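Enquirer: Mind having a look at this structure? Questions to follow.
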Ligand SMILES: Nc1ncnc2c1ncn2[C@@H]1O[C@H](COP(=O)(O)OP(=O)(O)O)[C@@H](O)[C@H]1O
Ligand SMILES: [Mg+2]
């Protein structure tokens, strides 16, 4: 099993699942690394299960097609929420309940601040009254003095009453924002018109043959790359970037191309070095304090950044790779199955960052919602090491 590619291991896992008969199924991220065919089989299997099934997944399309109930672990609010109905119903209900929580808090905050302002006013009138009473104490105006001191007594009572009203308000906690970060992809100056080319490129890996492939990627192309597990998508990316020696043909990157990459194995931060050091080495211009702040924004706190990068979870290493895209300008962005291991808020942030990114994009994904959400200009299909363009 250890020598299989991510997709092949996922298929082996799926095969064992399809053959199993249990009373309860607990599936932890079953869609990771599966291709469209694998997703389809998994979906049919899960839908057909009569046994109780719990799925942990960030594949929105898969969830929309399979689940009948959603349990949300809300880290930001420290709450566990249960929603009846399917995934779409959950999205709607969550939206409504978030809006309500916000409105309730706003109402509470408004009421509290207006009572506080009133209390402030009453206390200052009271002080004013006391001062006036003192200043005029030499007068023989006994009636006026009595009146002024009564008035200030009254104000004091009102102020106390206001204070009690503030204390009796039902406190509504401010809903915490779950994702403080607005992810951005830093843009490098544009590259030349031709970004990357393959000419008669061939790669042999064991009994798998990739190519021959002729392909040209131009500036600002946004390319979606799809294909079955093991068809050669990651090989295509490696060949285009010149990371893989070719057995025939040639590969070239254009002038001025600055590559930013999230590779499928998340191999960027996978050494013995602490994450902090590995990250800082990639962005030597950034102060260590800024590196920490940036990583913290991506959910990587002190306890993470000092650990050897290889001991982080795949999700944490994916976040680190995304943080690097924000720290270092790129104009050719290469994402190989970026949604694997990422949670939904991070996926949504990535999608919105991609929509404002103007450089060249190569995107391999089986996430059907991401394929819809990200605008692309070209679609490339890889099958058995051959590349065709739709
Ligand atoms: N280092 C390697 N040694 C031998 N075979 C490999 C190696 N890397 C990938 N392969 C094989 O090459 C084929 C294409 O792999 P890959 O490009 O990773 O596919 P995809 O990304 O489309 O799932 C697969 O059959 C895979 O097993
Ligand atoms: Mg791959």
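The values are calculated or read from the model by the stated rules, or taken from the named source; none is laboratory data. Small disclaimer: the values here were computed from a predicted structure and weren't measured. Cβ coordinates were reconstructed from backbone atoms using ideal geometry, including for glycine residues, and neighbour counts include every protein chain displayed.
Enquirer: Taking the residues in the stretch 302-319 that are in contact with a helix residue (DSSP H, G or I) (Cβ under 7 Å, 6 or more places away or on another chain) and farther than 30 Å from residue 88 by Cα as candidates, determine which candidate is surrounded by the fewest Cβ atoms within 10 Å (Cβ to Cβ).
Expert: 306
Enquirer: Hey, another quick one. Among the residues of the stretch 187-208, write down those that are surrounded by 15 or more Cβ atoms within 10 Å (Cβ to Cβ) and either within 16 Å of ligand 2 (Cβ to nearest atom) or part of a loop (DSSP other than H, G, I, E, B) (or both).
Expert: Of everything in the stretch 187-208, those that are surrounded by 15 or more Cβ atoms within 10 Å (Cβ to Cβ) and either within 16 Å of ligand 2 (Cβ to nearest atom) or part of a loop (DSSP other than H, G, I, E, B) (or both) turn out to be 188, 190, 191, 203.
Enquirer: Look through the stretch 366-376, keep the residues that are away from ligand 1 (no atom under 11 Å from the Cβ) and touching a residue at least 24 places away in the same chain (Cβ under 8 Å), and return whichever of them is nearest to residue 332 (Cα to Cα).
Expert: For the stretch 366-376, the residue satisfying everything is 376.
Enquirer: I've got another one for you. Go through the stretch 280-301 and count every residue that is surrounded by 13 or more Cβ atoms within 10 Å (Cβ to Cβ) and within 19 Å of the chain's Cα centre (by Cα).
Expert: Here the count works out to 9.
Enquirer: Just to check your reading of the model, which residue among 46, 71, 96 is more than 16 Å from ligand 1 (Cβ to nearest atom), surrounded by 12 or more Cβ atoms within 10 Å (Cβ to Cβ) and within 25 Å of the chain's Cα centre (by Cα)?
Expert: Going through 46, 71, 96 in turn, the sole match is 71.
Enquirer: Can you name every residue in the stretch 216-253 that is closer than 21 Å to residue 354 by Cα and assigned to a strand (DSSP E or B)?
Expert: Correct list: 217, 218, 222, 223, 224, 225, 226.
Enquirer: Working carefully through the options 35, 40, find the one that is surrounded by 12 or more Cβ atoms within 10 Å (Cβ to Cβ) and within 17 Å of residue 336 (Cβ to Cβ). If you could, list the steps in order and put the result at the bottom.
Expert: Numbers: 40 fails: within 17 Å of residue 336 (Cβ to Cβ).
Criteria check complete, one pass: 35.
Enquirer: For residues that are in contact with a helix residue (DSSP H, G or I) (Cβ under 8 Å, 6 or more places away or on another chain) and outside any strand (DSSP E or B), tally how many sit in the stretch 326-348.
Expert: Here the count works out to 13.
Enquirer: Given the conditions (1) in a helix (DSSP H, G or I); (2) at pLDDT 90 or above, which single one is not true for residue 303?
Expert: (2) is the only condition that residue 303 fails.
Enquirer: Here's something else I'd like to know. Please go through the stretch 254-270 and give me each residue that is over 22 Å from residue 220 (Cα atoms) and assigned to a loop (DSSP other than H, G, I, E, B), ordered by number.
Expert: Of everything in the stretch 254-270, those that are over 22 Å from residue 220 (Cα atoms) and assigned to a loop (DSSP other than H, G, I, E, B) turn out to be 264, 265, 266, 270.
Enquirer: Give all pairs with beta carbons closer than 7 Å in which a residue from the stretch 220-249 that is at positive phi meets a residue that is in a loop (DSSP other than H, G, I, E, B) and more than 13 Å from ligand 1 (Cβ to nearest atom); count only pairs at least 6 apart in sequence or on separate chains.
Expert: Close Cβ pairs (under 7 Å, with a partner that is in a loop (DSSP other than H, G, I, E, B) and more than 13 Å from ligand 1 (Cβ to nearest atom)) amount to 220/358; 220/359.
Enquirer: Let me ask something additional. Condition first: touching a residue at least 60 places away in the same chain (Cβ under 8 Å) and either buried (at least 16 other Cβ atoms within 10 Å of the Cβ) or in a strand (DSSP E or B) (or both). Now tell me which residues in the stretch 377-388 satisfy that.
Expert: If the condition is that a residue be touching a residue at least 60 places away in the same chain (Cβ under 8 Å) and either buried (at least 16 other Cβ atoms within 10 Å of the Cβ) or in a strand (DSSP E or B) (or both), then 378, 379, 380, 381, 382, 383, 385, 386, 387 are the ones that fit.
Enquirer: Scan the stretch 45-65 and tell me whether some residue there is part of a loop (DSSP other than H, G, I, E, B), closer than 30 Å to residue 205 by Cβ and either in contact with a strand residue (DSSP E or B) (Cβ under 9 Å, 6 or more places away or on another chain) or within 16 Å of ligand 2 (Cβ to nearest atom) (or both).
Expert: No: zero hits.
Enquirer: Of the conditions (1) closer than 30 Å to residue 169 by Cβ; (2) within 19 Å of the chain's Cα centre (by Cα); (3) without any contact (Cβ under 8 Å) to a residue 12 or more places away in the chain, residue 91 clears all except one; give me its number.
Expert: Result: residue 91 fails condition (1) only.
Enquirer: Return the residue satisfying two criteria in turn: it lies in the stretch 210-240 and is within 16 Å of ligand 2 (Cβ to nearest atom), more than 26 Å from residue 325 (Cα to Cα) and modelled with pLDDT of 95 or more, and of such residues it is surrounded by the fewest Cβ atoms within 10 Å (Cβ to Cβ).
Expert: 213
Enquirer: Note down all Cβ pairs under 8 Å where the first residue falls in the stretch 1-22 and is in a helix (DSSP H, G or I), the second is more than 15 Å from ligand 2 (Cβ to nearest atom) and at pLDDT below 85, and they're at least six residues apart or on different chains.
Expert: From residues that are in a helix (DSSP H, G or I), the pairs are 9/1; 12/1.
Enquirer: Within the stretch 349-365, which residues are buried (at least 17 other Cβ atoms within 10 Å of the Cβ), out of contact with any strand residue (DSSP E or B) (no Cβ under 7 Å at 6 or more places or on another chain) and outside any helix (DSSP H, G or I)?
Expert: 365
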